[in-house]
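Visitor: Dropping a structure here in structure tokens format, bear with me for questions.
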Amino acid sequence: EDIYEVASYSRVERGKTKPFPRKLEKLVERLEIPWCRYRWELESDNIEAYRLKKSCRELSVMGRKEDALVILDRLESLLDMNLKVNFQYIQNERLFLLSRLKKISIDEAYLELKRILEITMKLSEDTSYIVYYSQVELEIIVCMAQMLQKMKQYEVGIELIEKILEKMTNSKVCIEQQWYGVDFALRILSSIYFKIGNYEKSLRIS
């Protein structure tokens with residue numbers, strides 16, 4: 001009601017057509033469906049892509065970063081890289097892995113991540129207005145904060161994460177829906193506070 005004619009909505013339900021973003025937002029809010037179902041880390045109809053994504057993440061966590069890069073290349077070959085979310089996801093994962101393997105400097109990786117994020121978000125020195133809309137945007141931001149920690153720019157990293165967490169209440173994506181990204185953000189924030197000796201705040205966040 002007030003969003004779609006019945007016949008048009010039926011075509012959306014049957015996958016015959018895709019709703020415009022504004023209509024999609026209204027449908028998601030009306031049906032109370034978690035927004036992250038529609039703004040996740042990848043956009044693909046190929047189930048193999050999601051299997052490779054999971055495998056790449058697991059290999060990275062196990063420290064097998066060279067193997068993870070091989071899987072990431074296979075994943076990229078299955079995706080439509082003209083889609084911004086896919087491009088951002090692949091580049092974020094690749095830069096993270098390359099920086100961990102010391103094949104690219106932290107400074108270079110940070111600047112490249114910032115450039116990739118600005119495909120969908122306009123950044124400036126003032127982070128107070130930033131509102132993200134996708135899981136991959138959140139992960140890029142947290143990776144940037146992690147790199148700021150390694151560059152010993154602790155206050156900038158703290159500000160970046162705290163502003164994002166503060167702004168989540170105004171985002172289409174809430175904390176409950178973004179469990180992985182928020183967990184990642186809080187772990188990095190706790191780690192930075194520990195680095196600067198604020199152990200009480202670090203423990204409270206943990």
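Visitor: Pull up the cross-link candidates among the lysines for K102, meaning alpha carbon to alpha carbon under 16 Å and not fewer than 8 places away within one chain.
Guide: Within the straight-line limit of under 16 Å, K102 reaches these lysines: K65, K150.
Visitor: What's the local net charge at S206, with K and R +1, D and E -1, over the other residues with C-beta under 14 Å away?
Guide: Surrounding charge for S206 is +2.
Visitor: Identify all aspartates and glutamates with a Cα-Cα distance to K26 below 14 Å; exclude those on the same chain that are fewer than 8 residues away in sequence.
Guide: Excluding near neighbours in sequence, the set is E1, D2, E5.
Visitor: Still on this model: Among the aspartates and glutamates, which have Cα under 14 Å from the Cα of K195 when same-chain residues fewer than 8 positions away are ignored?
Guide: K195 reaches E155.
Visitor: To continue, here is another question. Between E58 and K152, how many nm apart are label points set 7 Å from Cα along the C-beta direction?
Guide: 4.0 nm
Visitor: Using mean Cβ contacts within 10 Å as the protection proxy, how do 9-17, 84-92 order, highest first?
Guide: Output ranking for 9-17, 84-92: 84-92, 9-17.
Visitor: While we're here: I want to check the label-to-label distance for D45 and S8. Put each point 7 Å from Cα in the C-beta direction and report it in nm to one decimal.
Guide: Placing both labels 7 Å along Cα→Cβ, they lie 2.2 nm apart.
Visitor: Additional query: Quick one: of K54/K84; K103/K201; K103/K163; K54/K163; K16/K53, which pairs are farther than 25 Å apart, Cα to Cα?
Guide: Correct reply: K103/K201; K103/K163; K54/K163; K16/K53.
Every number in this text was worked out from the coordinates using simple rules, so none of it is lab data. Everything quoted here is computed from the prediction, not taken from an experiment. Methodologically, a virtual Cβ is constructed for each residue, glycine included, from the backbone with ideal geometry; neighbour enumeration extends over all protein chains shown.
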